[in-house]
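As structure tokens, the structure follows; a few thoughts come after it.
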Amino acid sequence: MRILYNSKDLKFKEPFGTLTPGQSCRMCVHIPALCRTREVFLVLLSENGAEYKRHKMSLAGADVGYEFYGASFSLPEAGLFFYYFRIRTENEEFSLYRYGFDQTNMEAGELWQLSCVPESFHTPEAFYGSVMYQIFPDRFYADGILPAEGKLTPYWIHENKTDIPAFEPDENGEVKNCDFYGGNLRGIAQKLDYLKALGVSVLYLNPIFKAYSNHRYDTSDYMKIDELLGDEADFSRLCGLAHERGMRIILDGVFSHTGSNSRYFDVYDIYGDGAYRHADSKYRSWYDFEEYPEKYKSWWGISTLPCVNEMDDSYREYIFGGDDSVVAHWLRAGADGFRLDVADELPDEFISQLRARLKEIKPEALLIGEVWEDASNKISYGLRRRYFTGGELDSVMNYPLRKAIIEYVCGLDEGYGLRRTVMDLAENYPHQVMHTVMNMLSTHDTPRLLSALSPSGAPENKRERAGYRMSAQDMEIARSRLYCAVFLQFMLPGMPCVYYGDELGTEGAEDPFCRGYFDWERTDGNPVLGFFRTLAGLRNENDALKTGSVIVESDGAGRVTVERRGSGELLRAFVNVGEPTTAEISGTVLLSEKCEVENGSMRVENYGFFVEKRTDL
């Protein structure tokens, strides 16, 4: 008989998930009676592993060969904690650790995690469970080619929208990223009704501020829209039209570095007061020069992306502190929040102060962080981050979920890995963050979803990958996997985010091949687009999918069940990427794929799935 403890089961820990300071928590461990237990302690550790406190657990009951030892406690302050149990029996003394998903082990294993978040920490409810859509602005839709007077040069515009994005280095071995397709803010505004019909209510735009490159992560002027995209009037008009349709606009905040070709650094002396050319520049303190001016700290060693000192007083005043700071200016122009690029490289204090200013200006604005791991316990550059325990971020990009879903539908995980990822996140993230977490399956930084699901993969040679399109046989499998992956994305907690063009079944390997121009000729009668619209409709019509609790189960044979409960309803989703199987149904089936009802049950084929709804709870 094993010692029993499962932090995800209310029988052993209540409440589920994170705590707030002063909130009572009860834990109970079930120990076989034959152990003849003498003493049990709950041992709490601080985030650095040092012992924080011990709570003696008392005998609270017994049943069928087990004795139950329990303790109630509260935490006086927000923070990240870990714990294990110390048990003394008649014959031995040992520590009890977590083993796997819900098991325990003596003397070896993992610590359990317990986060305590500020009671005042809230995320904007208007975003809960919303359908997001990510747009790479140059590649979505061009409403004419704008004059672009003042655009940083050199640059060129593709005459053919079906061209593959430029990727080969020039004669100096550099990839300039200066090829454009002419997409602009007016084009996005013109396609808002398309997005509304897709069920989208949140638009996330990759950088739109003046920059040299097509990706615009090398900011030249935070206070100016890039000339090829339009101007501030175009942006405000876009926001106004979006708001009329119940949509919100999230901007990309690139605050860990600027471009070298910027008014702040000004390597080419275009602006006349940059830190590189003028030692007495008002921007000089923003940058770290090891040997002025040629040797300076840059993002990942890329010379065109000089890093900034985020805690410099004048920089913080410019970005968020001043009356017309970058954050204040664009929120007042119509933006509804920011996504913080490379949040791991921004100091906690910077994020915390930015968030406070953001909420002061627009309380319901959303702040998303780019974090590639579990954000609740992330260590970055040797420091434990306080994204949630410090009440800093409303949301993060959910890369762990992306990885788990792709591995599951590709058969690299039989279901247990996906179950653990979802339930660990549900346990580690505050519930209000789980309602706003950004669940994406592809982005501008990753291969497109359909290509990531190809059974044969892409060629190793980059030149061959550029125009690679999978075979009809591979496409059939990849599309079946895509349907399963997106189905899960829309069934799970958070905000499902569609990367522009994925709803058409667009192919594309890594950057820049995942950044092609949207093929508007493929929107009529596209079955993949119809599938996305159906899923978004289901999500928008069912509160349980937007804000309900989640339980994920798996039989380890490629079958996963997701239960979402809330607002007096239960939605149960079933996915099968294994051998054909039969699943029980007890409610109204809302959607099914590769399924057939047989004698009151559902026959589910390989890559089949369905979702049913019950209201008789």
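The values are calculated or read from the model by the stated rules, or taken from the named source; none is laboratory data. Only a predicted model underlies this, so the values are computations on that prediction, with no experimental measurement involved. We place every Cβ from the backbone using ideal geometry, glycine too, and count neighbours over all the protein chains shown.
Residues checked against (1) hydroxyl-bearing (Ser, Thr, Tyr); (2) crowded, with 24+ Cβ neighbours inside 10 Å; (3) more than 20 Å from MET132 (Cα to Cα); (4) modelled with pLDDT of 95 or more:
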| site | (1), (2), (3), (4) |
| --- | --- |
| THR436 | yes, yes, no, yes |
| MET470 | no, no, yes, yes |
| VAL486 | no, no, no, yes |
| ALA509 | no, no, yes, yes |
Right, ASN91: at pLDDT below 95, in contact with a Lys or Arg (Cβ under 9 Å, 6 or more places away or on another chain) and either more than 25 Å from MET495 (Cα to Cα) or crowded, with 16+ Cβ neighbours inside 10 Å (or both) or not?
-> yes
Identify, please: which residue in the range 578-609 is touching a strand residue (DSSP E or B) at 6+ places or on another chain (Cβ under 6 Å) and among the β-branched types (Val, Ile, Thr) and is, among those, surrounded by the fewest Cβ atoms within 10 Å (Cβ to Cβ)?
-> THR588
Got a number for residues in the range 71-88 being more than 36 Å from the chain's Cα centre (by Cα) and surrounded by 18 or more Cβ atoms within 10 Å (Cβ to Cβ)?
-> 1
Would you say GLU290 is surrounded by fewer than 21 Cβ atoms within 10 Å (Cβ to Cβ), of a type outside the set (A, V, I, L, M, F, W, C), in contact with a Phe, Trp or Tyr (Cβ under 7 Å, 6 or more places away or on another chain) and part of a loop (DSSP other than H, G, I, E, B)?
-> no
Would you mind finding the one in LEU192, LEU185, LEU198 that is touching a strand residue (DSSP E or B) at 6+ places or on another chain (Cβ under 8 Å) and without any contact (Cβ under 8 Å) to a residue 60 or more places away in the chain?
-> LEU185
Residues of the range 167-215 being small (Gly, Ala, Ser) and in a loop (DSSP other than H, G, I, E, B), in sequence order, are GLY173, GLY182, GLY183, GLY199, SER201, SER213
For residues in the range 529-561 being more than 18 Å from VAL611 (Cα to Cα) and among the aliphatic types (A, V, I, L, M), which is surrounded by the most Cβ atoms within 10 Å (Cβ to Cβ)?
-> LEU529
What do you reckon, is GLU370 in contact (Cβ under 8 Å) with a residue 12 or more places away in the chain and surrounded by fewer than 16 Cβ atoms within 10 Å (Cβ to Cβ)?
-> no
If you take just the helices (runs of 4 or more DSSP H) that sit entirely in the range 319-415, which of them hold at least 3 residues that are within 30 Å of TYR283 (Cα to Cα)?
-> 326-332, 348-361
Filtering the range 562-599 down to residues that are of a type in the set (Asp, Glu) and either over 32 Å from the mean Cα position of the chain (by Cα) or farther than 23 Å from ARG420 by Cα (or both) yields GLU569, GLU584, GLU593, GLU596, GLU598
